[in-house]
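The values are calculated or read from the model by the stated rules, or taken from the named source; none is laboratory data. Since the structure is predicted, the reported quantities are computational estimates derived from the model, not experimental observations. A quick note on method: Cβ atoms are made from the backbone with ideal geometry, for glycine too, and the neighbour counts reach across all protein chains shown.
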Amino acid sequence: MIRLILLLALLFPSVAVAQVNRSSVVVKERKEVPIVIEAQKLTYDDKKKVAVYVGNVIAQHGSTILTGDKLIIYFTKTGREIKKIVVIGNVHIKDERGEGWCDQLIYYPAQEKVVLIGNAKLRQGKNILIGDRIVAYRDGRVEVIGKRERVKTVIFPGEAGGKSSGP
């Protein structure tokens with residue numbers, strides 16, 4: 001299960017350089033694997049250092065694909081690093097390790113923290129983690145909060161990520 005949660009933190013690793021074009025942004029991270037973002041519309045505000053993608057947003061980093069209705073990138077004052085990424089509406093993230101869904105996803109690169117908000121669900125094989133809010137850190141720490149409904153975890157011991165070291 002921890003590997004599934006970590007896939008969220010791997011989508012947007014520490015970013016070194018951003019190049020803004022008219023219809024998409026290619027962000028190069030230190031490993032030179034580009035993040036490619038596509039949408040129906042891009043609005044970039046240089047004064048606020050914010051890029052807003054709207055309409056069938058698809059962000060891809062290697063084999064990881066993130067989709068949603070709207071994606072907002074908040075850059076630092078220099079515009080060379082990402083402070084925060086917010087994905088709103090029908091959020092889905094998938095790679096070869098598993099997939100997740102939520103109403104809103106927030107990624108904080110400096111803290112290596114991903115927050116799934118609203119109907120948050122992660123799945124790896126048959127294993128499932130459900131809550132109203134899931135906070136995952138790259139170092140493996142996870143917090144799941146149930147406000148409207150109780151937190152739910154379904155683990156199949158034979159599944160990847162579901163193996164137990166205890167009795």
>> Can you go through Val52, Val87 and tell me which one is out of contact with any Leu (no Cβ under 6 Å at 6 or more places or on another chain) and either aliphatic (A, V, I, L, M) or within 20 Å of Arg138 (Cα to Cα) (or both)?
In response: Val52
> Going by the conditions given, is Gly118 under 17 Å from the mean Cα position of the chain (by Cα), at positive phi and not aromatic (Phe, Trp, Tyr)?
Replying inline: yes
>> With the requirement that a residue be at pLDDT below 95 and either on the phi > 0 side of the Ramachandran plot or more than 13 Å from the chain's Cα centre (by Cα) (or both), what does the range 52-62 give you?
In response: Gly62
>> Tally up the residues in the range 86-143 that are β-branched (Val, Ile, Thr) and in contact (Cβ under 8 Å) with a residue 40 or more places away in the chain, please.
In response: 4
> Within the range 103-113, is even one residue among the polar types (S, T, N, Q), in a strand (DSSP E or B) and in contact with an Asp or Glu (Cβ under 7 Å, 6 or more places away or on another chain)?
Replying inline: no
> Got at least one residue in the range 67-83 being in contact with an Asp or Glu (Cβ under 7 Å, 6 or more places away or on another chain), among the small types (Gly, Ala, Ser) and either outside any strand (DSSP E or B) or under 23 Å from Lys41 (Cα atoms) (or both)?
Replying inline: no
> So which of Ile155, Ile130 is modelled with pLDDT of 85 or more, hydrophobic (A, V, I, L, M, F, W, C) and within 22 Å of the chain's Cα centre (by Cα)?
Replying inline: Ile130
